[in-house]
Amino acid sequence: MDREVRKIKQGLALKFSELVYNGFWHSPECEFLRQCISSSQEAVVGTVRLSVFKGQVYTLGRESPRSLYNEELV
């Protein structure tokens, strides 16, 4: 995802969590948000390596063939 899509998705995620917390899982608004979030994830592929230790989750690495990161530009 690019920066702008990620920013919009973060705002939608907050509204989504509020709806779910308040018991509106089957509401039209929540269905709309699920579709929006799902649509934003269509191009997301790759692998994430995690470590779980004493109730904490740590990201060890991630890679994707569609990454926006370019080592040649760094």
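Which number in (1) over 25 Å from Glu63 (Cβ atoms); (2) open to solvent by less than 90 Å² (accessible area, probe 1.4 Å) marks the one condition that His26 misses?
All conditions are met except number (2).
When you look at Ser38, is it open to solvent by less than 80 Å² (accessible area, probe 1.4 Å), of a type outside the set (Lys, Arg), touching a strand residue (DSSP E or B) at 6+ places or on another chain (Cβ under 7 Å) and free of Cβ contacts under 8 Å to residues at least 12 places away in the same chain, yes or no?
No: the conditions fail for Ser38.
With the requirement that a residue be in a loop (DSSP other than H, G, I, E, B) and over 30 Å from Arg66 (Cβ atoms), what does region 12-44 give you?
Asn22, Gly23, Phe24, Trp25, His26, Ser27
Let's see how each residue does on (1) of a type in the set (Phe, Trp, Tyr); (2) under 13 Å from the mean Cα position of the chain (by Cα); (3) modelled with pLDDT under 90:
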site	(1), (2), (3)
Met1	no, yes, yes
Arg6	no, yes, yes
Glu18	no, no, no
Phe24	yes, no, no
Ile37	no, yes, yes
Arg49	no, no, no
Val57	no, no, no
Gly61	no, no, no
Val74	no, no, yes
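Go through region 45-58 and count every residue that is open to solvent by less than 100 Å² (accessible area, probe 1.4 Å) and either assigned to a loop (DSSP other than H, G, I, E, B) or under 18 Å from Lys9 (Cβ atoms) (or both).
Qualifying residue count, region 45-58: 4.
Name the single residue that is most open to solvent (accessible area, probe 1.4 Å) among those in region 9-23 being touching a residue at least 12 places away in the same chain (Cβ under 8 Å) and out of contact with any Lys or Arg (no Cβ under 9 Å at 6 or more places or on another chain).
By that ranking, first place goes to Lys15.
The values are calculated or read from the model by the stated rules, or taken from the named source; none is laboratory data. Just so we're clear, the structure is a prediction, and the values are computed from it rather than from any experiment. Don't worry about glycine lacking a Cβ; one is built from the backbone with ideal geometry, like all the others, and counts go over all protein chains shown. Ligands, DNA and RNA are excluded from the accessible area calculation, which covers all protein heavy atoms including side chains. Shrake-Rupley method; radii C 1.70, N 1.55, O 1.52, S 1.80 Å.
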